[in-house]
There are 2 protein chains.
Amino acid sequence: MASSRTNYPHHLLLNFSLSSYLIFSSLCYCISVSDSKSDSFITIDSLRGSLEDQENFIVYSLIERARYPYNYPAYDPSYLGLKNYSLVEAFVRDTEAIEAKFGRYQNPEELPFFPDYKAFPLVPPFKFSQILYPPASSINVSRTIWDMYFNKLLPLIAIEGDDGNYQQSAASDLICLQALSKRIHYGRFVAEVKFRDAPSDYLSAIHAKDSETLTRLVTSKTVEETVIERVKKKAEVFGQNVTLREASKDGNETKYKVDPSVVSNLYGEWVIPLTKQVEVNYLLHRLD
Amino acid sequence: MASSRTNYPHHLLLNFSLSSYLIFSSLCYCISVSDSKSDSFITIDSLRGSLEDQENFIVYSLIERARYPYNYPAYDPSYLGLKNYSLVEAFVRDTEAIEAKFGRYQNPEELPFFPDYKAFPLVPPFKFSQILYPPASSINVSRTIWDMYFNKLLPLIAIEGDDGNYQQSAASDLICLQALSKRIHYGRFVAEVKFRDAPSDYLSAIHAKDSETLTRLVTSKTVEETVIERVKKKAEVFGQNVTLREASKDGNETKYKVDPSVVSNLYGEWVIPLTKQVEVNYLLHRLD
């Protein structure tokens, strides 16, 4: 059954305007887009394809977290009596140390929330392609994502209650956080490709450190509206109660595992603005 | 938006035939079904409701694993040079030790694949209700699930290839394994409730250690066929490519993230038979 699926190359050459680009670098970067499903050159459209795939995993992960109640003790800094770390923070720190040991953060698409682990990777280095411009690549908004998730989003998706499954809730939280972080920090790759496609569009705003103009340049209202509408539809499709009976047409409101409007608001108020913030901050350092 | 959701009690009294049950135990056990969505007494039907919810997470987790290629080095015992552990086994062992430290395995619904970790839970004990009959509760088929997953299932859902994301693949593997293990080992709870509902149905077969009769007693072909059909539909619904366009009616075959027939075969050939094996083995020790 797997035979119908083809083996895609995972390191794809970038399609960029070489003549413009050569004034900034003599290196031909390649791009790593692990879940790209295209074997054509990477463009803004193919990056958007990957972002579209990532939407699915964000929606699944929110639905998975919603099966546990809020589980307050996991977020109470006094619960474990550990240097004021909550259970979830202690769990994420320990888990990221293991992930680092097994090589997760060798992939430039992955950013830890607590990068101060000391674990040395057990795995041999893998040649992930490096597309990002090094002085700009360290831009990150992990702290903002962390605070947004725990203070704004989680209370909207988890019902009140305590079922004792604190580790399971924390593990689900981490999966949501990582899916959101990867999606939002993809703004670095998007900004790099936009810049390479037309560097002259950005030069004066970068030199002037003009964030407002850069934000305008990276904004496409039509694309944003499509994304928000699509992610809401995904929450409806993936969060529906699937039975073998035909859906009833009696006008009763369908129940979803996670309210689709919470997911579209998450995108409209947080994911898209934070991605643009990453893009703009990246571009501000693109000529450092 | 969360206000429309209610706070369900998570420890629900079992509805059982007390007069029959008293011959075996004077204790009134309670049942812990963390993701039960019913506040009525626990019955076979409400356990089936939980199993139905777990189907969703199994399907999501398989789709999530399918976004990475097979990544052979993660499964090669010689890759890390660690006591013949593959990367995935070393990762699962380390991860389960952390999960144990944060209390995961205090919940009798959760079984580790490598229970020989020495981590002492950091978390205070939580009063998970204990429904299982202690001499029978340790029944497990984790090794069979592990072998089935890596030898049979994974090659059907992951395309060939190597993108270097070994830790990410291993983490996705563990999520699939845990979802399958929880589902299959729910057979212990199902067997306990069936036994309590009508102990006299099982007594002679248990005394005679007659696995064949017990298998017949716990089998319902109609239920099994419904489950297999429903899980296939879930793979179609959750694994479809959601766009804002209407689905085309041009007769082209829809592409799913994971082949729905792989998921229905997984249930028909492994999940349901292994669940019944757990039920039968549990019942064989129900009078120990």
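The values are calculated or read from the model by the stated rules, or taken from the named source; none is laboratory data. Just so we're clear, the structure is a prediction, and the values are computed from it rather than from any experiment. Every residue, glycine as well, gets a Cβ built from its backbone with ideal geometry; the counts of neighbours run over all protein chains shown. All accessible areas refer to the heavy atoms of the entire protein, side chains included, with ligands and DNA or RNA removed. Shrake-Rupley method; radii C 1.70, N 1.55, O 1.52, S 1.80 Å.
Observations, loosely collected:
- B:Glu212 modelled with pLDDT of 95 or more and open to solvent by 60 Å² or more (accessible area, probe 1.4 Å): yes
- Positions within segment A:38-73 being part of a helix (DSSP H, G or I) and touching an Asp or Glu at 6+ places or on another chain (Cβ under 8 Å), in sequence order: A:Ile44, A:Ser50, A:Asp53, A:Gln54, A:Phe57, A:Tyr60, A:Arg65, A:Tyr72, A:Pro73
- Residues of segment A:87-121 classified as outside any helix (DSSP H, G or I), open to solvent by 20 Å² or more (accessible area, probe 1.4 Å), of a type outside the set (A, V, I, L, M) and touching a residue at least 60 places away in the same chain (Cβ under 8 Å), total: 2
- Test: A:Lys232 is out of contact with any Asp or Glu (no Cβ under 6 Å at 6 or more places or on another chain) and more than 26 Å from A:Tyr68 (Cβ to Cβ): no
- When B:Asn71 is tested against the conditions (1) open to solvent by less than 20 Å² (accessible area, probe 1.4 Å); (2) touching a Ser or Thr at 6+ places or on another chain (Cβ under 6 Å); (3) away from chain A (no Cβ under 14 Å), the lone failure is (3).
- Answer from A:Lys255, A:Lys209, A:Lys276 - the residue that is away from chain B (no Cβ under 14 Å) and assigned to a loop (DSSP other than H, G, I, E, B): A:Lys209
- Which numbered condition B:Leu244 misses (of (1) open to solvent by 50 Å² or more (accessible area, probe 1.4 Å); (2) part of a helix (DSSP H, G or I)): (2)
- Residue check, B:Thr219 surrounded by fewer than 18 Cβ atoms within 10 Å (Cβ to Cβ), modelled with pLDDT of 95 or more and either more than 11 Å from chain A (Cβ to nearest Cβ) or out of contact with any Cys (no Cβ under 6 Å at 6 or more places or on another chain) (or both): yes
- For segment A:130-153, the criterion of a residue being at the interface with chain B (Cβ under 8 Å from one of its Cβ atoms) and either open to solvent by less than 40 Å² (accessible area, probe 1.4 Å) or more than 23 Å from A:Ser50 (Cβ to Cβ) (or both) is satisfied by no position.
- Test: residue in segment A:180-188 that is under 29 Å from B:Pro73 (Cα atoms), part of a loop (DSSP other than H, G, I, E, B) and not basic (Lys, Arg): yes
- The requirement of being crowded, with 20+ Cβ neighbours inside 10 Å and farther than 16 Å from B:Glu52 by Cα is fulfilled somewhere in segment B:230-239, by at least one residue.
- A:Ile175 among the β-branched types (Val, Ile, Thr), touching a residue at least 40 places away in the same chain (Cβ under 8 Å), closer than 27 Å to A:Arg48 by Cβ and more than 14 Å from every other protein chain (Cβ to nearest Cβ): no
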